[in-house]
Amino acid sequence: MICSRAIGEALRVALESDDRVVLLGEDLVDPYGGAFKVTRGLSTDFPERVRSTPISEAAIAGVSAGLALAGFRPIAEIMFGDFLSLCFDQIVNHIAKYEQMYNGQVKCPVIIRTPSGGGRGYGPTHSQSLEKYFTGVPGLKVVASSLYHDPGVTLRTLLAQSTPVLHIEHKLLYPLHLLLPIDGRIDQDIAEERFGASGLPTTYIRPVERDECTVTVLAYGYQAELARRAAAKLAIEEELFVELVVPAQISPLDWEPIEASVRQTRSALVVEEGTRGWSWGSEVAAKLSERFFGELRGPVSVLASEPSVIPSSRELETAVLPTEEKIKEAIVRAAR
């Protein structure tokens, strides 16, 4: 099943299972079904609980907060991740703070979904990965879709909890088929899942046993798939073996499965699509460097987008964003 359809089916199951679940966002209802067609068909079957909104991201987040405080389980869609800037105040100063501000007497379990990332030539204001501005916000979870995590399991887990969530969905994942672990394998690779206190998995993907891997690569979302492809080619071309570590929840991080891999390989590369510097990747690199000071074979590397606007030109866009080839080159450098 392709990723967008799997997310849509997960939303359908949530609506069927819990009358408190409400979907809201711009252009969600049929026949449009959302900018990337994730919600197609849902408004026809649940007309009272799938609602299109005016073009106001702050209002979408604010209404979602009110619904959550009133006992509903709102799942809001922000049409493009770039527009998270328009509801930053509602998320950071309200949704994420209510439970602690009122000493646990209220909960505000809003889930905000948003398509993110570049690679489609949409230009500077519709291609960004802005999650680094939300990772580390107290009281907020940041979760990222990937091809290796079942959207149904993820959404069911999040709805069983009461913490607000920002759910990042890279646009380039939508048309791709899920690659879920089956009998401990993804294609020809060994695949393992480790579940932490969050209830969400961190997935390991590697061609050989861990003690034969030279580099740990940590990535999420679409970058994880690019890293998997790059690692597969290096295994064949160079006999250079990588363990890919893909967390479903990127903030707060479950450090144990990451550290278990780095402890063995003693080399780490972090890949993200957000702009380089002051980022998720730099925070992970700092933490790993502190934890394994004196044990690593070299500094923890970070591969990210260039600190630039994202051009509309496909050729120039490719120069700014991480690519499979750039990840291959970064892995080779990390292995030295």
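Here are some notes:
- Of the listed requirements (1) open to solvent by less than 20 Å² (accessible area, probe 1.4 Å); (2) over 16 Å from the mean Cα position of the chain (by Cα); (3) not hydrophobic (A, V, I, L, M, F, W, C), Glu256 misses just one: (1).
- Only one entry in Arg206, Arg156 is assigned by TED's automatic domain parsing to the domain that holds Leu288 and of a type in the set (D, E, K, R), namely Arg206.
- Scanning segment 169-207 for residues that are touching an Asp or Glu at 6+ places or on another chain (Cβ under 9 Å), among the β-branched types (Val, Ile, Thr) and open to solvent by 10 Å² or more (accessible area, probe 1.4 Å) yields one hit, Ile190.
- Selection of segment 167-201 for residues being within 18 Å of Gln223 (Cα to Cα) and outside any loop (DSSP other than H, G, I, E, B) yields His167, Ile168, Glu169, His170, Lys171, Leu172, Leu173, His177, Ile186, Asp189, Ala191, Pro201.
- Long-range neighbours under 9 Å by Cβ, at least six apart or interchain, first residue within 13 Å of Trp255 (Cα to Cα) and part of a loop (DSSP other than H, G, I, E, B) within segment 285-298, second open to solvent by 40 Å² or more (accessible area, probe 1.4 Å) and of a type in the set (Lys, Arg): Phe292/Arg263; Phe292/Arg266
- Boolean, Gly139 is in a loop (DSSP other than H, G, I, E, B) and open to solvent by less than 20 Å² (accessible area, probe 1.4 Å): no
- Verdict on Phe292 being aromatic (Phe, Trp, Tyr), open to solvent by 10 Å² or more (accessible area, probe 1.4 Å) and either over 22 Å from the mean Cα position of the chain (by Cα) or closer than 22 Å to Lys132 by Cα (or both): no
- Close contacts from segment 102-129, counting a first residue that is farther than 25 Å from Thr157 by Cβ and a second that is open to solvent by 60 Å² or more (accessible area, probe 1.4 Å) and hydroxyl-bearing (Ser, Thr, Tyr), with Cβ to Cβ under 7 Å and a gap of 6+ residues or different chains, come to Gly121/Ser312; Gly123/Ser312.
- Test: Ala96 is small (Gly, Ala, Ser) and in contact with a helix residue (DSSP H, G or I) (Cβ under 6 Å, 6 or more places away or on another chain): no
The values are calculated or read from the model by the stated rules, or taken from the named source; none is laboratory data. Not measured: the values here are computed from a predicted model. As a convention, Cβ positions derive from the backbone with ideal geometry for all residues, glycine included, and neighbour counts pool all protein chains shown. Surface accessibility is based on the protein's heavy atoms, side chains included, excluding ligands, DNA and RNA. Shrake-Rupley method; radii C 1.70, N 1.55, O 1.52, S 1.80 Å.
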